[in-house]
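The values are calculated or read from the model by the stated rules, or taken from the named source; none is laboratory data. The structure presented is a predicted model; accordingly, all values stated were derived computationally and were not measured. So basically every Cβ, Gly included, is an ideal-geometry build from the backbone, and we count neighbours across all protein chains shown. In case anyone asks, the SASA skips ligands and DNA or RNA and just uses the protein heavy atoms, side chains included. Shrake-Rupley method; radii C 1.70, N 1.55, O 1.52, S 1.80 Å.
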Amino acid sequence: MTNHFPFLDTSLTIARYALAISVTIHVLLTKRDTSASTGWIGISWLMPLTGAALYIMFGVNRVRRLAQRLIGQHHWDGRGAIAHLRQRVEGQFAPLARMMGRLTERPLLSSNAIQCLHDGDNAYPAMLEAIESAQHSVLLCSYIFRADQVGRRFVEALARAKARGAEIRVLVDGIGSGYFYSGIVKALERENIPCHRFMHSLLPWRMPFINLRNHRKILVVDGKFGFMGGLNIGEENMLRLRTKLPVADTHFRLAGPIVHQLTEAFARDWSFTCGEELDGDIYFPEPEKAGNVPMRVVTSGPDNDMEKIEFGMLQGIAMARQNVRVMTPYFLPDERLASELCLAALRGVEIDIIVPKSSNHGLIDFARDANLAPFLNAGCRVWMAKPPFNHAKLLVVDDGWSFVGSANIDVRSLRLNFEINLELYDEEVASDLAGFIDTHKANRLTHHTLDSRSTVVKIRDAAVRLFMPYL
């Protein structure tokens, strides 16, 4: 058959080669992960048109570019205001403290106080009381903020604070708090409370942002008191309500200079989302001493903070001499973190990993079970905690260094999500957290347990494990 459009065929061929070459060059210049680079280059040559479209949507890190542009516009720099409160660490964890300072570009701050609050039953009353006391400002960020009876109590407290003249800013995730419809955003808007949804868009060319989530939980009142940890806002976190799927969790109340770093983290996310700069004494008052616990905020995300929380975990585990306790709702570490834990176990460090027997995401449990054998082989002890499902994220090394916050130990959390953790150099805090973790050592997992799974279940778990980066 005669081809009546040779020019069109030639143009399409040139376009295919041009797209494949363009994707290849961009990948080579911007990607560090060789596996991901090979995959993108391969798909761009096998399916030039489709591959290029997928790469433009899902492979280009626009978030980092936007973050770099906004950093130059961000005016507040509190390092001068808190420079005199820098804390030096001596002894075993001194190298870790130096590394984290260089990694985060935030100082380790002295003179802080911390209170551990378990579950919404204990945390929500403290958070609501803080909001009710607000005179100048309230900053609230939550991944999940439900429009249920608990959420309504927060909205009412925020509305009363606003009526007293306090400046209120609320940031919720564009996925976790409802993608197509967000009841809590509507409730806040009815009260004229400034609220934004992080990286939310229904536009097709911005759909890749659906994969990038703000998983941080932050509450700051008057720049003096702060809350952070793993706790979302919803009825399921109130264990006394006996909901169908209750969620236990751990949150932390902070006071002292560390609140400045917590405020800064929120302010950057707020500016990133809507462009408004939060500055001045109502957000960043003169820091007040509140205790004697050295702390530092550590943020991570697919921007300029890429992998910083994971690097902190890696270095902390590498410093371990006696024991490492890990408590996490989802345990799907990448090869680097898995290797560090296994190597620590092989050199004689006691490694205890506590995970829920059943989480609220069955697919993650399947992938986790397919991934546990290497840890058992290295001598790590893996424990299945009893219900209710515990959502706490806690890491304690040698009863001296603690790392807590919103970050799970999985690829999504450590590479794609925007997370916030807190590192603490305090033996009393570490001892208390270690004791709490130990109370959840219910059923120890063995090789026999893994081997006793049916062949069908093993195949299912192994298949789901292939999707680890996206779970």
### Query
Is segment 383-450 best put as rounded, prolate or oblate by its Cα gyration tensor, with a ≥ b ≥ c the root eigenvalues, rounded for a/c under 1.5, and otherwise prolate when a/b is larger than b/c, oblate when not?
oblate
### Message
Taking a ≥ b ≥ c as the square roots of the Cα gyration tensor eigenvalues, with a/c under 1.5 meaning rounded and otherwise prolate when a/b beats b/c, else oblate, which class fits segment 326-471?
### Response
prolate
### Task
Give the shape of the chain as rounded, prolate or oblate, defined through the alpha-carbon gyration tensor: a ≥ b ≥ c are the square roots of its eigenvalues, a/c under 1.5 means rounded, and otherwise the shape is prolate if a/b is larger than b/c and oblate if not.
oblate
### Message
If I stretch the segment between residue 49 and residue 277 completely, what's the gain in nm (0.36 nm per residue apart, minus their alpha carbon distance), one decimal?
### Response
78.0 nm
### Task
Report the charge-dipole magnitude of the chain in Debye, nearest 20, computed about the Cα centre from +1 at each Lys and Arg Cβ and -1 at each Asp and Glu Cβ.
960
### Query
Suppose every K and R has +1 on its Cβ and every D and E has -1 on its Cβ; what is the size of the dipole of segment 278-406 about the Cα centre, in Debye to the nearest 20?
640
### Query
Using +1 on the beta carbon of Lys and Arg, -1 on that of Asp and Glu, and nothing else charged, what's the dipole of segment 388-445 about the Cα centre, debye to 20?
520
### Task
Work from the charge dipole of the chain (Cβ charges, +1 for Lys and Arg, -1 for Asp and Glu, about the Cα centre) and give the residue of 330, 219, 142 farthest towards its positive end.
330
## Note on the structure
Computed from the beta carbon distance with a Förster radius of 35 Å, FRET efficiency for residue 86 and residue 454 to the nearest 0.05 stands at 0.05
### Query
Counting pairs of alpha carbon atoms under 8 Å apart in space and at least six apart in sequence, what relative contact order in percent does segment 95-209 give?
22
### Task
Let me have the relative contact order for the chain, percent, based on Cα pairs under 8 Å that are six or more residues apart.
15
### Query
Rounded to the nearest 500 deg cm²/dmol, what is the calculated helix-only ellipticity per residue at 222 nm for the chain, with -39500 (n - 2.57) per DSSP H run of length n ≥ 4?
-12000 deg cm²/dmol
### Query
Mean projection of the alpha-carbon convex hull of segment 253-381 over all orientations, in nm²?
10.7
## Note on the structure
Taking r as the C-beta separation of residue 181 and residue 34 and R0 as 35 Å, the FRET efficiency to the nearest 0.05 is 0.30
### Query
Which value, in Å², gives the accessible area per residue of the chain when a 1.4 Å probe is used on the protein heavy atoms?
45
### Query
When ranked by the protection proxy of mean other Cβ atoms within 10 Å per residue, highest first, what sequence do the peptides 13-21, 258-266 form?
258-266, 13-21
### Query
What percent do you get for the relative contact order of segment 309-404 when only Cα pairs under 8 Å and 6+ apart count?
38
### Message
Out of the total accessible area of segment 163-291 (probe 1.4 Å, heavy atoms of protein only), what percent is carbon and sulfur?
### Response
51
### Among 121-133, 180-192, the order from most to least packed when residues are scored by Cβ within 10 Å on average
121-133, 180-192
### Message
I'd like to know which of 360, 294, 395 lies farthest towards the positive end of the charge dipole of the chain, counting +1 on Cβ of Lys and Arg and -1 on Cβ of Asp and Glu.
### Response
360
### Query
Going down the list 217/308; 162/289; 186/224; 393/458; 308/458, which pairs span over 22 Å between their C-alpha atoms?
162/289; 186/224; 393/458; 308/458
## Note on the structure
For the chain, the charge dipole (Cβ of Lys, Arg +1; Cβ of Asp, Glu -1; about the Cα centre) points to a positive end, and the Cα of 434, 285, 452 closest to that extreme belongs to 452
### Query
If you count, for each residue, the other Cβ atoms within 10 Å and average over each peptide, how do 240-246, 417-423, 383-389 line up from highest to lowest?
417-423, 383-389, 240-246
### Task
For the chain, return all DSSP H helices satisfying: extent of Cα atoms along own axis at least 27 Å; mean Kyte-Doolittle hydropathy at least 0.5.
6-30
### Solution diffusion estimate, µm²/s, Stokes-Einstein, segment 418-462, Kirkwood Rh from C-alpha pairs, 10 °C, viscosity 1.306 mPa s
111
